[in-house]
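Below is one structure, written out as structure tokens, with a few remarks after it.
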Amino acid sequence: METAQRPPIRVVVFDAYGTLFDVYSIGVLAEQLFPGKGDALTRLWRERQIDYTRLRTLSNRYQPFDVVTRDALRWTADALGLALTEAAETQLMARYAQLSAHADALDALRALKAMNMRLAILSNGTPAMLDVLVEHTGMQGMFERVLSVDAVGQYKTAAAAYQLAPDAFGLPAREMLFVSSNGWDACGGAWFGYTTIWINRSGLPAERLGVTPDATGDSLHEVVRFITART
């Protein structure tokens, strides 16, 4: 029986928050500011942030990611009964602008660059937020393009957001490997037509959305293995 030839992978496109940059690295500061509540604040803040991106996209009420992030922080503080002072809010937002890179990120990026892969970021973050994070984590020069959904005013999983990378590179989505640690995002990328890898850092169950990423792993080293196997 003949099998369909797999398309070549010409570009690797990375989600940013949670995939390259550790959104929970803010937890240390959160715990210092709110002892005993740091973990709850960090996790609920992230959940509400993503919820707001979806609601705003569904309702055509786009606001930039830094605005959404601040709104989500304020809601989270209210939900947890925390007295979020202006100073504490400023500290948390400043720390969010300088998240740590995941420990596997730079090694994986360097390995892919050594393989002459073209690399990009496609993120909900604003251009300014992404530029700061790339510089802060020492990733300058790694990416051919840093793409923000700010250009289309719609968050992932909107098709217009995912279309940014094919448009930027002039390539079909299937010839791009979309990498995300967010299961819903990996599914969204697969729906759109990317070849996809889900980096399941937390050992979560697969999403029940009727679609499966092309590969799953627990670190970004899986991306290198995937590309190596395809060449």
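The values are calculated or read from the model by the stated rules, or taken from the named source; none is laboratory data. Because the structure is a prediction, the values reported are computed rather than measured. Cβ: placed from backbone, ideal geometry, glycine included. Neighbour counts: every protein chain shown. Note: accessible area is taken over every heavy atom of the protein model, side chains too, but ligands, DNA and RNA are not part of it. Shrake-Rupley method; radii C 1.70, N 1.55, O 1.52, S 1.80 Å.
For the reader, a short list of remarks on this structure follows.
- For A16, the residues 5 or more places off, or on other chains, whose built amide H falls under 5 Å of its own are L122, N124.
- Carbon-plus-sulfur accessible fraction, the chain (probe radius 1.4 Å, protein heavy atoms only): 50%.
- Solvent-free Debye calculation, one equal scatterer per alpha-carbon of the stretch 102-231: log10 I(q)/I(0) at 0.13 Å⁻¹ equals -0.52.
- Rounded accessible area of H221 (nearest 10 Å², 1.4 Å probe): 70 Å²
- The length gained by stretching the chain between Q163 and W75 to full extension, at 0.36 nm per residue less their Cα-Cα distance, is 28.6 nm.
- Alpha-carbon centroid distance for the pair the stretch 183-200 / the stretch 125-146, whole angstrom: 22 Å
- With a 1.4 Å probe rolled over the protein heavy atoms of all chains, the accessible area of D185, D107, D150 falls in the order D107, D150, D185, largest first.
- Filtered trypsin sites (Lys or Arg not before Pro), the stretch 52-121: DSSP coil and at most 12 other beta carbons within 10 Å: R61
- Residue-wise HN-Hα couplings along the stretch 14-28, as the Karplus relation 6.51 cos²θ - 1.76 cosθ + 1.60 with θ = phi - 60° gives them from phi, are 9, 5, 9, 6, x, 9, 8, 10, 7, 5, 8, 5, 6, x, 4 Hz; Gly and Pro carry x.
- Taking the C-alpha atoms only, the angle from helix 65-80 to the longest principal axis of the chain is near 50 degrees.
- Per residue, the convex hull around the alpha carbon atoms of the stretch 1-129 comes to 172 Å³.
- Heavy atoms of E207: accessible area, 1.4 Å probe, square angstrom to 10: 80 Å²
- Per residue solvent-accessible surface (Å²) - the chain, probe of 1.4 Å: 47 Å²
- Against the criterion of solvent-accessible heavy-atom surface with a 1.4 angstrom probe, S59, S181, S202 sort, most first, into S202, S59, S181.
- Once the C-beta distance of E144 and T216 is scaled by a Förster radius of 30 Å, the resulting FRET efficiency is 0.70 to the nearest 0.05.
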